[in-house]
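Laboratory data are not the source of any read-out in this text; all were calculated from the coordinates shown. Predicted model only: the values in this text are computed from it and were never measured.
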Amino acid sequence: MRKFFTLLIFPFIFILDRITKLMIVATLSEGQSLRVWPGVFHLTRVNNTGAAFGLLKERTSLLTMVSVVCIVGISGVLLRDFFMKSSARGFIHCLRHLALALVLAGAAGNLYDRIRYGYVIDFLDFRIWPVFNIADSSICIGIFLMILSLFKTRKVY
C-alpha cells in the first residue's frame, strides 16, 4: 500500500504544477505581478531560463540534460524498489521513497517547461526570496526529506 502511495505523489505534484503554471500563463504576462498580500506575497510571472535563483541563465540545454539524467536515475531506483521484494521497510524507507518521488515530480515539471517553452515558469513571489513554483518547492522538500532520512539512520557515538 505504501508503494502505491509513493507512486501517486508523482502525478499529483506534476499535475498540480502544470495546472498552476497554465493558470499563471493565462492570467499574467512576463513580469506582471498580482498582489495577494501586499508587500508579503504576490503572484509574479517570471520566465526563468536558468536554474534555482537564476543560476546558469540561458543554459537550457545543460539544464535539460541534467534533468533527464536525474529523472532516469530516480525513476530507476523507484521502479527497482517497487518491483523487487525488499527487506527494507519502515519509516525511513518510506521517507526516502517519498523524497525521491517529490524530487522526480519537481524535476519532471520543470523539464516539461524547458522543453515546451525554453524556460521555466515561476510565479510564487514572497518578496524576500527569488520567485519559484510548485515544482521547485517539491524538489526542495524532497531534498530536505532525503537529508532528514540520512540523519535519522546515522548512528551517533
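For Cα pairs less than 8 Å apart in space and 6+ apart in sequence, what is the mean separation divided by the residue count of the chain, i.e. the relative contact order in percent?
Working: 206 pairs, mean separation 50.0, N = 157.
After rounding, I find 32 percent.
Which label marks the calculated value of Kirkwood radius over Cα pairs in Å, given the options (1) 16.7; (2) 15.5; (3) 17.6?
Of the labelled values, this structure produces (1).
Tell me what the chain gives for mean residue ellipticity at 222 nm when only DSSP H runs of n ≥ 4 count, each as -39,500 (n - 2.57), the sum divided by the residue total, rounded to 500 deg cm²/dmol. Provide the component values of the computation, followed by the final result.
Working: 4 runs with 97 residues, N = 157.
Helix contribution divided over all residues of the chain: -22000 deg cm²/dmol.
Indicate the gyration tensor shape class of the range 1-58 (rounded, prolate or oblate), computed on the Cα atoms with a ≥ b ≥ c the square roots of the eigenvalues: a/c under 1.5 is rounded; otherwise a/b larger than b/c is prolate and the rest oblate.
Working: a/c = 2.34, a/b = 1.67, b/c = 1.40.
Prolate is the answer for the range 1-58, as a/c is 1.5 or above and a/b outweighs b/c.
GNM, the chain, Cα, under 10 Å: largest mean-square fluctuation among Ala52, Ala135, Ala99?
Highest fluctuation among the options: Ala52.
GNM, the chain, Cα, under 10 Å: largest mean-square fluctuation among Gly90, Gly118, Gly76?
Gly90
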